[in-house]
Each structure stands twice: as structure tokens, then as C-alpha cells.
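Colleague: Dumping the structure here so I can ask a few things about it.
The values are calculated or read from the model by the stated rules, or taken from the named source; none is laboratory data. Values in this document were obtained by computation on a predicted structure and should not be read as measured data. Backbone-built Cβ (ideal geometry, glycine too); neighbour counts: all protein chains shown.
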């Protein structure tokens, strides 16, 4: 006798998202109507706009947080009352593709699978070249990563509700602002014996428009620093996504490349070495460069590749700083993200 199919509750934490919800909720409510998911639950995180009313008018079930606590706290609140066996987490600026519920349910039929996540699609909403680069970079890594994942992503990911409650949900005390609370949750799921799968066909469109300023701030202070501290304090670097061995070598090459202008000012005769390093960087990032070119032409490929070298350097620098912080300054418990 086979077990009955697991039901799915879709959880959408929302803050000031009234203008986004018609697009975000449309495919989710269609899946609810067809029976693919059991409910669509929007958690209004004390929005000053009419997020809650828009969600109700569209047909979603709505909860409200007692105070603004960020998406982690909103998801924890929803998990306590959700009717589904599986919690499908979808950000309020993400449009999930119809059919996602069936993909998730099939994945959870595999032994010991307790969480899954997907990736952004290859047609992000933001049209500026930098915003496209940022969202396409996310897709590139997620589409090429190991299926057996070491971490978790809450932008479009699902968790077994029993496991979610067992491990205590999102840590909203350590991560008081949105940062790597989903990655940290993934650590606890794996430590509890659960498998986490990356599903390339579970796709979603990201509506966020990135700028260099907000991307750099997020990458350093909301991702690189807290994630580095987490890895150092737990189990070290993982060989997955953008922390794998190949990515670490690329970071070293990127640093060498960015140092070349200063070196050539002192030693112009070393120009052959500069050319060699540039060619090496292009070779090592060739797959990503070709991907950007196919999706946006020469400008996206060149701009994206140049910025990507800067991204490697500040991300690696953040990790080195955290090593210094941990081993030299003895700041062993500095995980809190203010």
C-alpha cells in the first residue's frame, strides 16, 4: 500500500509587496485551484501599504505578524498553522513557475529527503545589465551545482513541515535581519539526518532589480561575512555552489588580475604576465562568460565578467577576514547579524 501524496502549503512572507502580489500569487493560486497545492498563505509583516488586503482580495489566506520581524519570523509563524505536510517557501518578489508543486512532491518521495530548492529562471525581470548579471549568476551556479546540496535556499524552496518544526525553524535571533538564515537552517536539517536536493527544473522568476551598491552591500554584509563565520564555526568550506574548490582558485586568479594595473605601473616589463593572468581568468570563467553572452550579448558578458572578478575578491577577502577574526582575535561566537 502506497502512502497518500503529501499536501503542500505555500508560504509567502510579504512586506510592502502589494504591487508585486498580483504577479507572484497568480501561479500559486492557480496551483491551489487545480489541487496541486493545499493552500497559499501570505504573511503580512506589518506592511505600511495594503499588502494584506491585496492578498485577501486575490484569494490567499492571510496572517499578520505581531511586529515586523523579517521573512524568517514570518515563515516561522506560518509554519505553526500551515495545513500542509510540506512548506513551500516563495519570496514575495519571486514568481514560481506552475507545475512546481508536482516537482516538489516527486522529490519528497525519495528516501530521507527533507528539503529541496530550485533556481531563478534565465529571464529575470530587471533589465539593467548589472541586475541581469546578478540574477543570471544565481541561476548559473544553481543549475550546475550538485543535486545533493549542502545548504538550503528559501527564495523558492520547500521543507518537510515535521523536520522544520523539529529543528526549530529559522533562527531569527542570530539573524535579526534577512541574511543567511536559510543556509543555517540547511545545516541543521542535514545534521538531523535529512537530505537536501537542488532541483534544476524548479524554476522561478526574480523581480528584484539589483544595483551595484545594494548588491555589494548584500554580498559582503548579508552573505559573505555571516556565511564565512558560519562555515568556520561549523564544518569549514563546502565544495558546493560558489564555495567549491574551483571557485576558490578563481578568486585567487581574480585577485592577481586586479593587482596587475598597480604592478605594471612599477614594472611595465611584466606585461606578458598580466596578459597570461587575464587569459587564465577568461579561460577559467569561460562557461559563465558564454552563458552571459547567450543571454544578453557582449555588453552583459564583458560587464558581468569584469564585475565578477571584483565579486571574487571581496567575497574571498571577507572569508580571510573571518579566519583572522576567529583564530587570531578569538571571536569564536560572532554569528549575530545586526
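Colleague: Does residue 98 count as in contact with a helix residue (DSSP H, G or I) (Cβ under 7 Å, 6 or more places away or on another chain) and either surrounded by fewer than 24 Cβ atoms within 10 Å (Cβ to Cβ) or in the same structural domain as residue 289 (by TED's automatic domain parsing) (or both)?
Modeller: So residue 98 fits the description; yes.
Colleague: Does residue 103 satisfy the condition of being surrounded by fewer than 22 Cβ atoms within 10 Å (Cβ to Cβ), within 20 Å of residue 9 (Cα to Cα) and assigned by TED's automatic domain parsing to the domain that holds residue 40?
Modeller: It is true that residue 103 is surrounded by fewer than 22 Cβ atoms within 10 Å (Cβ to Cβ), within 20 Å of residue 9 (Cα to Cα) and assigned by TED's automatic domain parsing to the domain that holds residue 40.
Colleague: Any residue that is closer than 21 Å to residue 295 by Cα and either without any contact (Cβ under 8 Å) to a residue 60 or more places away in the chain or in a strand (DSSP E or B) (or both) - is there at least one of those in the range 193-201?
Modeller: Yes: one or more hits.
Colleague: Scanning for something over 23 Å from the mean Cα position of the chain (by Cα), modelled with pLDDT of 95 or more and outside the structural domain of residue 304 (by TED's automatic domain parsing), does the range 122-131 turn up at least one residue?
Modeller: No: zero hits.
Colleague: Applying the selection to the range 7-56, what residues are part of a loop (DSSP other than H, G, I, E, B), in contact with a helix residue (DSSP H, G or I) (Cβ under 6 Å, 6 or more places away or on another chain) and more than 15 Å from residue 89 (Cβ to Cβ)?
Modeller: Result: 18, 36.
Colleague: Among the residues of the range 27-41, which ones are without any contact (Cβ under 8 Å) to a residue 40 or more places away in the chain and surrounded by 14 or more Cβ atoms within 10 Å (Cβ to Cβ)?
Modeller: Hits for the range 27-41 are 29, 32, 40.
Colleague: Being over 21 Å from residue 165 (Cα atoms), in contact (Cβ under 8 Å) with a residue 60 or more places away in the chain and crowded, with 19+ Cβ neighbours inside 10 Å narrows it down to one residue among 73, 60, 17, 55; which is it?
Modeller: 17
Colleague: With respect to residue 68, determine if the residue is closer than 27 Å to residue 39 by Cα, assigned to a loop (DSSP other than H, G, I, E, B) and in the same structural domain as residue 183 (by TED's automatic domain parsing).
Modeller: yes
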